[in-house]
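What follows is a set of notes on a single structure, which appears directly below.
What follows draws every value from the coordinates through simple rules; no lab data is involved. Source: prediction; values computed, not measured. Note: ideal-geometry Cβ built from the backbone for every residue, glycine included; neighbour counts use all protein chains shown.
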Amino acid sequence: MVNSLGFDLIWYGILYTITTQIAYMTPPFGYNLFLMRAMAPPEITLRDIYTSILPFVMIMILALALVMCFPQIATWLPGVVYGN
């Protein structure tokens with residue numbers, strides 16, 4: 001369906017991967033947060049973990065925006081490797 005709409009499949013795959021990683025790091029799902037909480041020492045609270053991931057989430061949102069605005073970022077390396 002994505003291909004029939006005229007979007008590059010590699011670009012779409014990169015967008016999907018970035019958004020999935022953001023979802024794993026933010027509520028309401030936040031699977032990675034609960035995993036980090038299970039592995040952290042008892043003095044580290046879930047609130048500490050939530051506040052510590054904010055810079056990473058912001059960087060990923062910036063990366064998502066850049067890839068959406070400039071699809072060449074996602075398609076350049078595969079184009080070089082596969083010669084497309």
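Anything in the stretch 47-67 that is in contact (Cβ under 8 Å) with a residue 40 or more places away in the chain and small (Gly, Ala, Ser)? List them, or say none. Within the stretch 47-67, ALA63 is the sole residue that qualifies.
Taking every residue in the stretch 9-31 that is farther than 23 Å from PRO78 by Cα and pairing it with any residue that is in a helix (DSSP H, G or I) and polar (S, T, N, Q), at least 6 positions away or on another chain, the pairs with Cβ-Cβ distances below 6 Å are TYR24/ASN32; MET25/ASN32. Against the condition free of Cβ contacts under 8 Å to residues at least 40 places away in the same chain and polar (S, T, N, Q), how does THR75 come out, does it pass? Against the criterion (free of Cβ contacts under 8 Å to residues at least 40 places away in the same chain and polar (S, T, N, Q)), THR75 does not qualify. When every residue of the stretch 39-46 is checked against the conditions, at least one turns out to be of a type in the set (Asp, Glu) and without any contact (Cβ under 8 Å) to a residue 60 or more places away in the chain.
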